Amino acid sequence: MGAENGDYKKTERIVLATVLVCASLAVASLLVAFSYYCYLRYKLSKRFKTQQKRVHYEEKASNFGNIQVAAERGLQVFTFKQLHSATGGFGKSNVIGHGAFGMVYRGVLQNGRKVAVKLMDQAGKQGEDEFTAEVELLGRLCSPYLLLLIGYCSESNRKLLVYEFMANGGLQEHLYPISGNKTVSSNLNWETRLRIALEAAKGLEYLHEHISPPVIHRDFKSSNILLDKNFHAKVSDFGLAKLGSEKAGGHVSTRVLGTQGYVAPEYALTGHLTTKSDVYSYGVVLLELLTGRVPVDMKRPPGEGVLVSWALPQLTDRDKVGEIMDPALEGQYSMKEVVQVAAIAAMCVQPEADYRPLMADVVQSLVPLVKHHRPTKAGNFPSFHAMQSPDA
């Protein structure tokens, strides 16, 4: 019996040892497997981050490359020091405007040329995108009805754009001039307004019809129509511009951007952007030229706060259309001309995009009206920015 008990205990110890060894091997295997999993995860994470960095650098390199290409097309590259000197150290007396991008300053280059210098706010990625969009786009476009981009500066976080100088500022400033604390009557006569309407239409026509794929401005409004010393108009501010679809009737889907009162209803609802979105915005500007009213003014009586909603029912009524006209234009126009321009505006602001005309059609409709008038000046007064600053 003693021998049997000894053999049993010996066998028991062997089995227990075998179990312990197997358990240890299993644990060791799990640890090795887990370590290998962690190692693979680390390697994959590192590779992913490397790829992300490469994409980021490639995008930056692409943007820089595109800017370099734009420079090769004739854009001048300025240093920050040059533009600091040209604008008098970006002095307050040289401020001529402020937009979403940043402050705009009047400047004079070393060769004596007057320029407008837009200094980008430190606004992060959106500001960077707008800067790149303007340089790339305006480096490719060439039309007498678009604001000329002369050059740019890109030093570290300092981004600046240099444009031709437009002595009479934005259309909005002339439609709603302010003297002291009160709004005064507009100094733009009927003939000048017709010409501005035509030239702005030609700017959009160029973007829509002469470029492939078409360029959609996306922020067309009266403050983005600039006037030179003779009140000729040019379309400006392409920071939100987007390339449209090459397909007939096609659209591009994008985040809704723009200015309240000018944004087409279908774009606001769906994010579907087409050239007809610009046509709607143009129609709103045309209504501003006709009525002398801002697109949205909730201080007005009920029913009159939104310009399009108030004006549209009256635009096609020959008996009522005269009632919406800017009082500052009284006695300057014939009702035949007003009815024609009102009909164009009514078509442009149709709620259904398909019912709106092409900008080429708008141009053809306005040309005879402008030709009918002899060229005249808007009035006998100095340039707008000259009145704003004693150093102009």
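The values are calculated or read from the model by the stated rules, or taken from the named source; none is laboratory data. Quick caveat, the model's predicted, so the values are computed rather than measured. When we count neighbours, we look across all protein chains shown, and the Cβ atoms used for this are built from the backbone with ideal geometry, even at glycine.
Of the residues that make up the range 214-229, is at least one in a loop (DSSP other than H, G, I, E, B) and of a type in the set (Val, Ile, Thr)?
No, that holds for no residue.
Looking at the range 121-152, which of the residues that are within 21 Å of Gln82 (Cβ to Cβ) and modelled with pLDDT of 85 or more is surrounded by the fewest Cβ atoms within 10 Å (Cβ to Cβ)?
Out of the qualifying residues, it is Leu148.
Within the range 328-345, track down each residue that is more than 17 Å from Asp278 (Cβ to Cβ) and part of a helix (DSSP H, G or I).
Of the range 328-345, the ones more than 17 Å from Asp278 (Cβ to Cβ) are 328-343.
Correct list: Ala328, Leu329, Met335, Lys336, Glu337, Val338, Val339, Gln340, Val341, Ala342, Ala343.
Which condition number does Glu266 fail, the rest of (1) over 28 Å from Glu173 (Cβ atoms); (2) without any contact (Cβ under 8 Å) to a residue 24 or more places away in the chain being met?
Here Glu266 clears every test but (2).
Each row is one residue, and each column tells you yes or no for (1) surrounded by fewer than 23 Cβ atoms within 10 Å (Cβ to Cβ); (2) at pLDDT 95 or above; (3) not charged (D, E, K, R).
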| site | (1), (2), (3) |
| --- | --- |
| Glu191 | yes, yes, no |
| Leu194 | yes, yes, yes |
| Ala200 | no, yes, yes |
| Glu209 | yes, no, no |
| Pro214 | yes, no, yes |
| Leu226 | no, yes, yes |
| Phe238 | no, no, yes |
| Ala241 | yes, no, yes |
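Just checking, does the range 306-318 include any residue being of a type in the set (Val, Ile, Thr), closer than 30 Å to Lys118 by Cβ and not in a helix (DSSP H, G or I)?
No, because not a single residue in the range 306-318 is of a type in the set (Val, Ile, Thr), closer than 30 Å to Lys118 by Cβ and not in a helix (DSSP H, G or I).
Condition test on Leu207, is it in contact (Cβ under 8 Å) with a residue 60 or more places away in the chain and closer than 21 Å to Ala360 by Cβ?
Considered against the rule, which asks whether it is in contact (Cβ under 8 Å) with a residue 60 or more places away in the chain and closer than 21 Å to Ala360 by Cβ, Leu207 comes out as yes.
Pick out the one residue from Val279, Val321, Val341 that is within 24 Å of Tyr267 (Cβ to Cβ), surrounded by 15 or more Cβ atoms within 10 Å (Cβ to Cβ) and either of a type in the set (Phe, Trp, Tyr) or in the same structural domain as His217 (by TED's automatic domain parsing) (or both). Can you show your working first?
Details: Val321 fails: within 24 Å of Tyr267 (Cβ to Cβ); Val341 fails: within 24 Å of Tyr267 (Cβ to Cβ).
Sole residue among the options that is within 24 Å of Tyr267 (Cβ to Cβ), surrounded by 15 or more Cβ atoms within 10 Å (Cβ to Cβ) and either of a type in the set (Phe, Trp, Tyr) or in the same structural domain as His217 (by TED's automatic domain parsing) (or both): Val279.
Sort out which residues of the range 243-271 are of a type outside the set (Val, Ile, Thr) and surrounded by 19 or more Cβ atoms within 10 Å (Cβ to Cβ), and write them in order of number. Walk me through how you get there before you give the answer.
Going through the range 243-271, the residues of a type outside the set (Val, Ile, Thr) turn out to be 243-251, 253, 255, 257-258, 260-262, 264-269, 271.
Those that are of a type outside the set (Val, Ile, Thr) and surrounded by 19 or more Cβ atoms within 10 Å (Cβ to Cβ): Gly244, His251, Gly258, Tyr262, Ala264, Glu266, Tyr267.
Quick check: is even one residue across the range 260-274 touching a Pro at 6+ places or on another chain (Cβ under 9 Å), more than 22 Å from Leu141 (Cβ to Cβ) and among the polar types (S, T, N, Q)?
Yes, there is a match, as at least one residue in the range 260-274 is touching a Pro at 6+ places or on another chain (Cβ under 9 Å), more than 22 Å from Leu141 (Cβ to Cβ) and among the polar types (S, T, N, Q).
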